[in-house]
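These notes are about the structure you will find just below.
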Amino acid sequence: MDMNAFSLKGKTAWITGASYGIGFAIAEAYAAAGAKIVFNDINQELVDKGLKSYAEKGIDATGYVCDVTDEDAVQELVKKIEAEIGVIDILVNNAGIIRRIPMIEMSAAEFRKVIDVDLNAPFICAKAVIPSMIQKGHGKIINICSMMSELGRETVSAYAAAKGGLKMLTRNICSEYGGHNIQCNGIGPGYIATPQTAPLRERQADGSRHPFDQFIIAKTPAARWGTPEDLQGPAVFLASDASNFVNGHVLYVDGGILAYIGKQP
Ligand code: NAP
Ligand code: GCO
């Protein structure tokens, strides 16, 4: 086998919401694999924060301000990227939010907001990049799903609905555009230590671990939270020629949680 199949040399990768967290880690890995990095975030302050972080890693990334839920803005951004950087070969739909609210206490507006960012935006971004991928004869779309694409839990109804839908959007893009040599797959991270999950890991007043933190440790065969770096290898694989016959798949990177009943108390 030619190991260059895992190279991203000469490819342009757009990772949404990638000033920090999982998106940043994936972009870092893509840069190491040879890709040109483009990212966006919701405001200039975050884009500047991201540019500083990328520069500190020696990565010459290009950052843009764009709200991924705004279709006109996304269409304009893709045209700008194509003019200034090049056709997007790899899209990672990473931008996402969560609102942990008991369903009967959640307003429809709050529910819609989560669906808008976590499901509608991946549709908007994929729709914007697919035409040029078809013209170019290849493309990779990677949707950042979740364990909540498979399981529910209290207080995350909107998020689980969005991530479940994102799994099916992944399969549908595969079905509709696989014939154009476009592979659309998902990554389903387990519980990863990022700002998004920080509230679930906060130390208690007495210095003990958060009950949810203890719960996740007991439910994970690896007995630890994941790190954004745990996602880098799977993300490079799904963006590279090494996965050209993998399509419509969600690759769970969860330390084994989905396979495990949990440690006996
Ligand atoms: P994070 O730390 O909250 O980062 C998410 C990024 O997306 C932030 O930079 C955020 O900007 C940006 N964003 C939010 N709304 C946006 C919008 N409308 N337009 C553009 N950018 C926007 O989250 P993370 O933990 O890195 O998670 C990244 C992805 O992985 C998300 O899709 C999440 O659902 C998924 N995921 C996370 C975990 C986990 O355990 N952490 C597990 C499974 C899946 P702001 O700072 O302004 O919000
Ligand atoms: C939560 C967490 C999870 C993780 C992730 C798990 O509140 O349960 O935030 O949703 O973010 O999605 O895969």
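When segment 173-183 is filtered for residues that are buried (at least 17 other Cβ atoms within 10 Å of the Cβ) and part of a helix (DSSP H, G or I), the ones remaining, listed by number, are Ile173, Cys174, Tyr177.
Here the condition is being without any contact (Cβ under 8 Å) to a residue 60 or more places away in the chain, buried (at least 24 other Cβ atoms within 10 Å of the Cβ) and over 20 Å from Ser240 (Cα atoms); of Ser157, Ser146, it holds for Ser146 alone.
For segment 206-225, the tally of residues that are outside any loop (DSSP other than H, G, I, E, B) and among the β-branched types (Val, Ile, Thr) stands at 2. Can you go through Asp89, Asp41, Asp67 and tell me which one is touching a Gly at 6+ places or on another chain (Cβ under 7 Å), open to solvent by less than 70 Å² (accessible area, probe 1.4 Å) and within 13 Å of ligand 1 (Cβ to nearest atom)? After applying the criteria, what remains is Asp41. Scanning segment 31-46 for any residue that is touching a helix residue (DSSP H, G or I) at 6+ places or on another chain (Cβ under 9 Å), of a type in the set (A, V, I, L, M) and assigned to a helix (DSSP H, G or I) turns up at least one such residue. Here segment 47-64 is the region considered, the condition is being of a type in the set (Lys, Arg) and assigned to a helix (DSSP H, G or I), and the residue that is surrounded by the fewest Cβ atoms within 10 Å (Cβ to Cβ) is Lys52. If you check Gly188 against the conditions, is it touching a residue at least 24 places away in the same chain (Cβ under 8 Å) and either within 16 Å of ligand 2 (Cβ to nearest atom) or in a strand (DSSP E or B) (or both)? Here the answer is yes, as Gly188 does meet what is asked. With respect to Arg203, determine if the residue is more than 16 Å from ligand 2 (Cβ to nearest atom), farther than 17 Å from Gly96 by Cβ and part of a loop (DSSP other than H, G, I, E, B). Taking the combined requirement at face value, the residue satisfies it. Being open to solvent by less than 60 Å² (accessible area, probe 1.4 Å) and either of a type in the set (Lys, Arg) or within 16 Å of ligand 1 (Cβ to nearest atom) (or both) is a condition met by at least one residue of segment 133-141. Do we find a residue being farther than 19 Å from Met133 by Cα, open to solvent by less than 70 Å² (accessible area, probe 1.4 Å) and β-branched (Val, Ile, Thr) anywhere in segment 184-192? Looking through segment 184-192, at least one residue is farther than 19 Å from Met133 by Cα, open to solvent by less than 70 Å² (accessible area, probe 1.4 Å) and β-branched (Val, Ile, Thr). Note on segment 160-172: residues that are over 13 Å from Asn93 (Cα atoms), aliphatic (A, V, I, L, M) and either open to solvent by 60 Å² or more (accessible area, probe 1.4 Å) or more than 12 Å from ligand 1 (Cβ to nearest atom) (or both) total 2.
One residue alone among Ile98, Ile115 is outside any helix (DSSP H, G or I) and open to solvent by less than 40 Å² (accessible area, probe 1.4 Å), and that residue is Ile98.
The values are calculated or read from the model by the stated rules, or taken from the named source; none is laboratory data. Keep in mind it's a predicted model, so treat the numbers as computed, not measured. Heads up, the Cβs are rebuilt from the backbone with ideal geometry, glycines too, and the neighbour counts pull from every protein chain shown. These area figures cover heavy atoms from the full protein model, side chains too; ligands, DNA and RNA do not enter into them. Shrake-Rupley method; radii C 1.70, N 1.55, O 1.52, S 1.80 Å.
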